[in-house]
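In what follows, a structure is listed as structure tokens, so that the remarks can point back to it.
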Amino acid sequence: MVVFRRGGGEWNDKYRDTVREYWKGDNVTNDFAARLLGSGDLYDLRGRRPWSSVNFITAHDGFTLNDLVSYNDKHNEANGEDNNDGHNDNRSCNYGAEGPTDDEGINAIRERQKRNFLTTLLFSHGTPMLLAGDEFGRSQMGNNNGYCQDSEISWIHWDNLPETANALREFTRRLIQLRATQPLLRRESWRDGLEIRWFNAGGGPQQSEQWDEGSTIGVCISRPDLQPEAGIWHDALLLFNPFEGSVPFRIPMWGRRRLDA
């Protein structure tokens, strides 16, 4: 990452790596929290704003979102370099099968992880960058260096999408709508009066030792200064569970569920 002047923004590769690691179950909860709130450890300096962090999970280089949850390893044989090109450290997980599978359980986990990644991206403070096709689960068949391809590997087909792809596209549309209409999700300044409270799954404050673990986490973000308009949130409670199984959360009895990934 290169630090540019005030007013500029750049790709936050630490965001990419940390978010991938968190949803893979690695012990990065503390870093994940920092990325979620705009990476102030990187950007709260020299007059920079939260939107200076261009947050992304995937880009034109590397796996697509679908391939990030479908392959443990790159498959660049079609590029003609004996699979030696492209990055090897993808921080990906196939959840039990390499590439496409008919296993309903594996496919269900993959779809959920795609929703988890998209929700994290669109609900993180900063500027979100979404790779074309990720909104419906486009695949490059495990190729993470498709710059040299003019083939089915790199083409994007927008029509005749399967049911799961249409469902993911509608889910992404809902995320974008929420981000666009809720100022609470778009932090403009580090001194905006945002109130932040972190919770563990038991409903108590996140403990110091839990920050160094791969753990479930809840965060309540509040902006008491927001004008009371219809449909505008003053508070939001976000709950994150990086594990494959369900985890019960003890949560405050207020509000209602707006989104479930």
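Each value in this text was obtained by applying a stated rule to the coordinates, not by laboratory testing. Just so we're clear, the structure is a prediction, and the values are computed from it rather than from any experiment. Every residue, glycine as well, gets a Cβ built from its backbone with ideal geometry; the counts of neighbours run over all protein chains shown.
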Contour minus Cα-Cα span, Ser208 to Lys14, at 0.36 nm per residue, comes to 67.6 nm
Whole-Å distance, taken between Cα centres, linking segment 137-171 and segment 44-73 | 18 Å
What is the distance, in nm, between label points placed 7 Å from the Cα along the Cα-to-Cβ direction at Ile156 and at Arg250?
-> 4.6 nm
Cut-off under 5 Å, modelled amide H: who pairs with Tyr95 long-range | none
For the peptides 145-156, 114-125, 166-177, 19-30, what is the packing order when you average, over each peptide's residues, the other Cβ atoms within 10 Å and list the highest mean first?
-> 114-125, 19-30, 166-177, 145-156
Checking Ser53, Ser222, Ser92 against a Gaussian network model of the chain (alpha-carbon springs below 10 Å), the top fluctuating residue turns out to be Ser222
Two pseudo-spin positions, 7 Å from Cα along C-beta at Phe243 and at Trp198, lie apart in nanometres by 1.9 nm
By what distance, in whole Å, do the Cα atoms of the chain stretch along each of the three principal axes, largest value first?
-> 56, 44, 39
Under 19 Å Cα-Cα from Lys74, which lysines qualify once same-chain neighbours fewer than 8 residues away are excluded?
-> Lys24, Lys114
How far is helix 163-181 tilted, in degrees, relative to the longest principal axis of the Cα atoms in the chain, given as a value from 0 to 90 rounded to the nearest 10?
-> 30 degrees
So, in nm, how far is label Gln227 from label Thr164 when the simple model puts each one 7 Å beyond its Cα toward the Cβ?
-> 4.5 nm
Among 196-203, 38-45, 65-72, what's the highest-first ranking by average C-beta atoms within 10 angstrom per residue?
-> 65-72, 38-45, 196-203
The chain: angle of helix 104-123 to the longest principal axis, Cα-based, in degrees nearest 10 | 50 degrees
Considering the options Pro224, Ser189, Pro100, tell which one lies farthest towards the positive end of the dipole of the chain, charges being +1 on Lys and Arg and -1 on Asp and Glu at the Cβ, about the Cα centre.
-> Pro224
